[in-house]
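The values are calculated or read from the model by the stated rules, or taken from the named source; none is laboratory data. All values reported here derive from a predicted model rather than from experimental measurement. Glycine gets a Cβ as well: all are built from the backbone with ideal geometry, and neighbour counts include every protein chain shown. Remember, those area values only see protein heavy atoms, side chains included, never the ligands or the DNA or RNA. Shrake-Rupley method; radii C 1.70, N 1.55, O 1.52, S 1.80 Å.
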Amino acid sequence: MEPLRVRNENSSYIYKWSLSIVNHPFFTNFIIGIILLNAIVIGLETYPVIYKPHKELFYFTERIFLWVFSVEIALRIIATRPWYTFFKNSWNNFDFIIVASSLIFAGAHFISVLRILRVLRVLRAISVIPSLQRLVNALLSTIPSLGNILLLMGLIFYIFGVMGTILFSKVSPEYFGSLHLSLLTLFQVVTLESWASAVMRPINAMVPWAWAYFVSFVLVGTFVVINLFVGVIVNNVHQANCAEEDEQEECKREILAEEIKMLRQEIAELKQLIGTKEKL
């Protein structure tokens, strides 16, 4: 009974110690700083003038970053009760896969794979910063609701693409010579990138009424459909913020319930210990 109680006390101490570190504001800020510093180092490695004379230094700093991230993941797993619930969070799985993959491929000959994994570690800033998490979750949640908007945009592109091919294939074959070229041109137009000077004006010089085609497509494709995209995304961001607030309240209640459970367990152990001493 005594060894079991000692193990429970040690486990409880390690859990509380890890939890206090992980929940400390300095811990999050430190990890964000390490991620940004790692991003700067990776960027500097792309300059041969800087990288080649200091290969050993870059190798040493890479090892430091990798071990810091490994210790961070270990502390976060220990600070989770029970530990396997750590992997129920998709962002935790993302962090674990990135760090574990870096450890697996460390020292391997897959240089390109290792470099890609090192660059992906910069994406961990999303999982560390809650505001970025909410934004990415909101963007991902818009994917199912964008189906009808994408269908509408596809129909608009197809209609204007066929019309453009019929109307301007002989005048401007490099832009409207076929359906796929017309669709590619319309994509350039909908981005509003040099569409007037590069596409519309040369065609309008030969076909005076061509401006009506382009202006109507810009009004429908850009100002209407794009605003639908923005509206859906803004709505989902608002819903994600509300859900995040509810989730935080639920998390606080779970932490409080876990602390109460641990206190009850410690009180029961103390009662048992006092009862044993009274018998002696």
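Key figures for this structure:
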quantity	calculated
Failed item, numbered, when Leu183 is tested on (1) modelled with pLDDT under 90; (2) surrounded by 13 or more Cβ atoms within 10 Å (Cβ to Cβ); (3) closer than 27 Å to Pro144 by Cβ	(1)
Condition met for Leu167 (in a helix (DSSP H, G or I), open to solvent by 60 Å² or more (accessible area, probe 1.4 Å) and closer than 18 Å to Ser216 by Cα)	yes
Residues of the range 198-223 classified as free of Cβ contacts under 8 Å to residues at least 24 places away in the same chain and open to solvent by 80 Å² or more (accessible area, probe 1.4 Å), total	7
Test for Ser90: is it at pLDDT 85 or above, surrounded by fewer than 16 Cβ atoms within 10 Å (Cβ to Cβ), among the polar types (S, T, N, Q) and closer than 26 Å to Leu132 by Cβ	no
Unmet requirement for Leu57, which otherwise passes all of (1) surrounded by fewer than 14 Cβ atoms within 10 Å (Cβ to Cβ); (2) modelled with pLDDT under 85	(2)
Positions within the range 28-62 being assigned to a helix (DSSP H, G or I), in contact (Cβ under 8 Å) with a residue 12 or more places away in the chain and not aliphatic (A, V, I, L, M), in sequence order	Thr28, Asn38, Phe58, Thr61, Glu62
Single condition Thr80 does not satisfy, out of (1) of a type in the set (Ser, Thr, Tyr); (2) closer than 25 Å to Glu45 by Cα; (3) at pLDDT 80 or above; (4) surrounded by 14 or more Cβ atoms within 10 Å (Cβ to Cβ)	(2)
Residue match in the range 9-23 (condition: open to solvent by 90 Å² or more (accessible area, probe 1.4 Å), β-branched (Val, Ile, Thr) and modelled with pLDDT under 85)	no
Of all residues in the range 186-197 being part of a helix (DSSP H, G or I) and within 18 Å of Gly161 (Cβ to Cβ), the one that is most open to solvent (accessible area, probe 1.4 Å)	Phe187
